[in-house]
Amino acid sequence: MASTHRSTRRSQWWLRAGAILLGVVLIAYALVIGVVFFSQREMLYPIVHGSPTPDADGPPIQVVHIDTHDHERLVAWFLAPKPGRPTILFFGGQGGGLSFQSGRWRRMADEGVGFLAVGYRGHDGSTGKPSEKGLHTDARAAWDWLARTTPAQDIVLHGFSLGTGVATRLAVERPARALILEAPYTSTADIAAEAWPFIPVRLLMLDQYRSRDIIDRVSIPLLIVHGSADEVIPFEQGRTLYDLAHTPRRLVKMVGSNHATLTRDGLYDQIWTFLNLPLPASTAEAGHRVAVEVESAP
């Protein structure tokens, strides 16, 4: 009987210890979820502070200010196109401030292509705090500003990384000549779910930019360019968007390129070909060109 009593006491002790351990684990899990939930916008939108100015020895870029419908003021960089050339409305990626894109600006200037690049609210001296709703408002304001002087058929929408979700939504809402998605995602929640598989991010994430749900509503020609070695947004997400789209489209797989090297590796050669513009005779980074695999669909 004594032996049975001791065995029962040991079993009860282990049950209590297990319950306490489980409680600690659940509390820790809840704390992690709470931290992720309340800091998610800080993680999604790393702020680029200050008001950068274009390089004095670079293209003749103008710093302009654009007012949004919700009373924010955006800082944007504008370069007028040469006659007969389009203007690219560019939306950048996470933490990719205007001053960090000098390679892009030079390539567009060399081709005579104009651009309007927007500093999202809260970034690059723009007022406000970023959110999905806010960035879509910024995009509409930028298109409206540009459309005052530029016909819609001369506006090309171009999004990189985070900006692909912004550009895709704008392509559904505003007319344009074409849509370019550079290293796009199906949704930010899909990316987060891979990074945080133990957290129900699809239930908790506020700003999901669900491009996969609206890409079939894009009616203008679509170019998707993605690196095969992209470790931030897998190439398969770009392919999924290509497969879901219904418009005339082209998918360019840049072999060996990662998330940050597409411009260096020949991105703009693909863009000029897609837009039926002549390729420049030579570029400083010609040696960095990578092999590409191209798919097209009517």
- Item | All positions within the range 80-91 that are over 14 Å from the mean Cα position of the chain (by Cα) and buried (at least 21 other Cβ atoms within 10 Å of the Cβ) | Pro86, Thr87, Ile88
- Message: Please go through (1) farther than 29 Å from Ser51 by Cα; (2) surrounded by fewer than 17 Cβ atoms within 10 Å (Cβ to Cβ) for Lys129 and return the number of the only condition it doesn't satisfy.
- Response: (1)
- Query: Within the range 163-187, can you find the residues that are open to solvent by 10 Å² or more (accessible area, probe 1.4 Å), touching a residue at least 40 places away in the same chain (Cβ under 8 Å) and not in a loop (DSSP other than H, G, I, E, B)?
  - Reply: Arg169, Val172
- Message: Quick check on the range 92-101. Is at least one of its residues open to solvent by 30 Å² or more (accessible area, probe 1.4 Å), at pLDDT 95 or above and at negative phi?
- Response: no
- Sole exception among (1) within 19 Å of Ile88 (Cα to Cα); (2) of a type outside the set (Lys, Arg); (3) at pLDDT 95 or above for Asn276, by number: (3)
- Is there any pair linking a residue in the range 189-214 that is on the phi > 0 side of the Ramachandran plot to one that is open to solvent by 20 Å² or more (accessible area, probe 1.4 Å), with Cβ under 8 Å and at least six apart or on different chains, and which? Tyr209/Glu132; Tyr209/Arg169
- Task: Just need a number here: residues in the range 47-75 that are open to solvent by less than 50 Å² (accessible area, probe 1.4 Å) and under 23 Å from Thr188 (Cβ atoms).
- Result: 4
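Return yes when Gly112 is out of contact with any strand residue (DSSP E or B) (no Cβ under 8 Å at 6 or more places or on another chain), open to solvent by less than 10 Å² (accessible area, probe 1.4 Å) and more than 19 Å from Val48 (Cβ to Cβ) and no when it is not.
Numbers: out of contact with any strand residue (DSSP E or B) (no Cβ under 8 Å at 6 or more places or on another chain): yes; open to solvent by less than 10 Å² (accessible area, probe 1.4 Å): yes; more than 19 Å from Val48 (Cβ to Cβ): yes.
Answer is yes for this residue.
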- Please find, within the range 209-239, the residue that is farthest from Ala171 (Cα to Cα) out of those that are buried (at least 19 other Cβ atoms within 10 Å of the Cβ) and among the polar types (S, T, N, Q). Gln237
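Only one of Leu204, Leu157 is within 21 Å of Lys133 (Cβ to Cβ) and open to solvent by 40 Å² or more (accessible area, probe 1.4 Å). Can you tell me which? Even if it seems obvious, please write down each step before you answer.
Details: Leu157 fails: open to solvent by 40 Å² or more (accessible area, probe 1.4 Å).
When all the criteria are applied, what remains is Leu204.
The values are calculated or read from the model by the stated rules, or taken from the named source; none is laboratory data. Since we're looking at a predicted model, the values are computed, not measured. No Cβ is skipped: glycine too gets one built from the backbone with ideal geometry, and neighbour counts run over all protein chains shown. For accessibility, only protein heavy atoms count, side chains too; no ligands or nucleic acids. Shrake-Rupley method; radii C 1.70, N 1.55, O 1.52, S 1.80 Å.
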